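Asks: What follows is a structure written as structure tokens; I'll ask about it next.
Just so you know, all these numbers are worked out from the coordinates, no wet-lab data involved. From a predicted model like this one, the values you see are computed outputs, not experimental measurements. No Cβ is skipped: glycine too gets one built from the backbone with ideal geometry, and neighbour counts run over all protein chains shown.
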Amino acid sequence: MAFENKFVQQRIEKAELLKKEGINPYSNDSKRNTTIIKYLNVNSDIESKEEKRDEHRHYIVSGRIKLFRIMGKASFIKIEDESGMLQVYVARDNLPEGFYNDVFKKLVEVGDIVEISGYPFVTGQGELSLHASEVKLLTKAISPLPEKFHGVTDKEIRYRKRYLDLIMNSDIRRTFQTRSKVISLTRRFFEEKGFLEVETPMMHPIAGGANARPFITHHNALGIDRFLRIAPELYLKRLIVGGFEAVFEINRNFRNEGMDATHNPEFTSIEFYWAYKTYKDLIVITKEYFKYLFDHLNLPTLLPYGDLEVNFGNFTEIPLIESLTTIGGVPAEITNSKEEIVKFLNSKNITVKPDLNLGQLQGELFDEFVEGKLIDPTFITEYPVEISPLARRSDENPDITERFELFIAGREIANAFSELNDPVDQYNRFKGQVDAKDAGDDEAHEMDEDFIDALSYGMAPTAGQGIGIDRLVMLLTNEHSIRDVLLFPAMKPIHNDEQTTQNEEL
RNA sequence: GUCUUGUUAGCUCAGCUGGUAGAGCACGUCACUUUUAAUGAUGUGGCCGAUGGUUCGAAUCCAUCACAGGACACCA
């Protein structure tokens, strides 16, 4: 089982030998007084000095050994901390009697975490390095690191053992630092706009707010099932009813559906709700939000994404029906006829489910001919009411809703609308969903009577929006799999023989 | 869910039409006091993803399964 690998055994023996030498292989007595990046910055003047060294300066740095080059009575090692990589020169005659030969060369190796004291100097090859006067082992690594040149490239290992991926591919830290900044900037942006951050339940008695299959969990003491939330929407709206006028929540949603390059069972979104505003105000604040992100992340306006280049200075707005013809090249005369749309789709070898209504067919046309062409940020507005169950109808045209979706690089990034606040209309739409559920649609909503009750007390006219943070981070970091922007993406168990049998018994 | 590619040493990978397992790195030993994936010599290291089949003989061929990557479908 654990530690049976012979390389691991070898290293455990080294740890034992260290203990016999009176050296703790897991010492926590760290005296580090600078980071590697600071060391390199502060001592960048050494290069210009006559002797290329300054023995009066003294630093203590720590890090993991990534490279180990022994050259007889002296060695070069490279150590890495969170901030960067540093070369250390270790010579026998600068260390206590016997330490170099008996301890350093024999019992310290790549992967170990060490602490080095010494002074700065520049090598003959011109690299600013640290001249060691003391080497102290902080942590013995008993598993060997992957190969030093190729590192770990196997995606499966990288996702399952993210710690190893971070050790070996330290540049991916930048992706996760960007992710952290996006979340932090998002929080700051909405706070500066006067929004209140709230936390609503993640265990719901009724899974609502989206069309999705939920995870089910169980409350032992109450003896009842709960659903992990698929969206925070209905709770956030209850808060608007209660009198909060601008709220947001950044957190996880859970959907019990397939996994692929853009879907993880748990994903992070921000949803925000804004009273006395409409979806038009949301378009304005969304543009401001992107500008804020780009300014604070120092991203260029022309951002590459794969083979594409996205111009974040070019936000446009277009109603869905109009986009079908101007962007999708669909003949204008067919977009308002079910029969004509079906005929057109069939002529393009696209088959659709029978009995789709006009709005759904328009949605099909959009997915097929428009979505992929929306590279620069585009707000698609005026969605058909049939495919917008939670949005408020337009006062001018009852067939369309006050809604937009934002598309960037051919993908949906945000979904927003003026919220439905007519409790009777909402009740009837829920009822329609309940009928659909009874008819076998297991993603249809359930009746949420408490939410209807809340609306019945009156919700101020409100606009609400959701932005998928994972997909946003993918866009900003030029990553094409959601697994590359999640530290620990969901993976299937490797050895699931036992689990499978357990499941079969259930 | 469908199709497709992969799974061989700790890591990165070879292994042809079936004949009993290879390299580099890492690790051990030796040499080497300014290297840059250090170098040179030498050695250890494997249930060839799992199960079954074909065969005198399977890492190799066939089937099933597991996991992963990619594409498509479904889903927001």
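Asks: Quick one: Cα convex hull volume of the range A:268-403, Å³ per residue?
Replies: For the range A:268-403, the hull spanned by Cα atoms encloses 153 Å³ per residue.
Asks: Shifting gears a bit: D for the range A:6-149, whole µm²/s, Stokes-Einstein with Kirkwood Rh over alpha-carbon pairs at 10 °C and 1.306 mPa s: what number?
Replies: Answer, rounded: 102 µm²/s.
Asks: I've got another one for you. Tell me, what is the FRET efficiency for A:Asn336 and A:Asn428 to the nearest 0.05, using R0 = 35 angstrom and their Cβ-Cβ distance as r?
Replies: About 0.90, to the nearest 0.05.
Asks: Roughly speaking, what is the centre-to-centre gap between the range A:387-413 and the range A:453-477 when only Cα atoms are used, to the nearest Å?
Replies: 13
Asks: For chain A, what does -39500 (n - 2.57) per DSSP helix run (n ≥ 4), summed and divided by total residues, give at 222 nm, in deg cm²/dmol to the nearest 500?
Replies: For chain A, the value works out to -9500 deg cm²/dmol.
Asks: List the lysines whose alpha-carbon lies under 23 Å from that of A:Lys52, not counting same-chain residues fewer than 8 positions away?
Replies: Of all the lysines, those that pass the test against A:Lys52 - Cα under 23 Å, at least 8 places apart if same chain - are A:Lys38, A:Lys73, A:Lys78.
Asks: Which residues make up the longest stretch of chain A clear of chymotrypsin sites (Phe, Trp or Tyr not before Pro) that lie in a DSSP loop with no more than 13 other Cβ atoms within 10 Å, not counting the sites?
Replies: Counting at most 13 other Cβ atoms within 10 Å as exposed, the longest clean stretch of chain A is A:277-456.
Asks: Another one. How long is the range A:128-233 along each principal axis, judged by its Cα atoms, biggest number first, in Å?
Replies: Computed over the range A:128-233, the largest-to-smallest principal extents equal 63, 40, 28 Å.
Asks: Just to confirm a number: summing +1 for Lys and Arg and -1 for Asp and Glu over residues other than A:Leu18 whose beta-carbon lies under 14 angstrom from that of A:Leu18, what do you get?
Replies: Residues near A:Leu18 contribute +2 overall.
Asks: With +1 on the Cβ of every Lys and Arg and -1 on the Cβ of every Asp and Glu, and nothing else charged, how large is the dipole of chain A about its Cα centre, in debye rounded to the nearest 20?
Replies: The calculated dipole for chain A is roughly 2640 debye.
Asks: Once amide H atoms are placed 1.01 Å from N in the peptide plane, what residues at a sequence separation of 5 or more from A:Phe215, or on another chain, have their amide H within under 5 Å of its amide H?
Replies: Here A:Leu228, A:Asn256 satisfy the definition.
Asks: Using the Karplus equation 6.51 cos²θ - 1.76 cosθ + 1.60 (θ = phi - 60°), what ³J(HN,Hα) coupling, rounded to whole Hz, does each residue of the range A:67-78 give in order, writing x for Gly and Pro?
Replies: Calculated HN-Hα couplings, in order: 9, 9, 10, 8, 10, x, 7, 9, 9, 10, 10, 10 Hz.
Asks: Going down the list A:Lys105/A:Lys136; A:Lys19/A:Lys106; A:Lys6/A:Lys136, which pairs span over 20 Å between their C-alpha atoms?
Replies: A:Lys6/A:Lys136
Asks: What is the Å³ per residue value for the convex hull set by the Cα atoms of chain A?
Replies: 225
Asks: Contour minus end-to-end for A:Lys73 and A:Asp225, with contour as 0.36 nm per residue of separation and end-to-end as the Cα-Cα distance?
Replies: Here the segment from A:Lys73 to A:Asp225 would lengthen by 47.9 nm.
Asks: Which loop trypsin sites (Lys or Arg not before Pro) in the range A:137-246, with loop taken from DSSP, have no more than 16 other Cβ atoms within 10 angstrom of their Cβ?
Replies: A:Lys148, A:Lys161, A:Lys193
Asks: Using the Cα centre of the range A:6-149 as the reference point, and only Cβ charges (+1 on K/R, -1 on D/E), how large is the resulting charge dipole? Debye, rounded to the nearest 20.
Replies: Taking the Cα centre of the range A:6-149 as origin, the dipole is about 460 debye.
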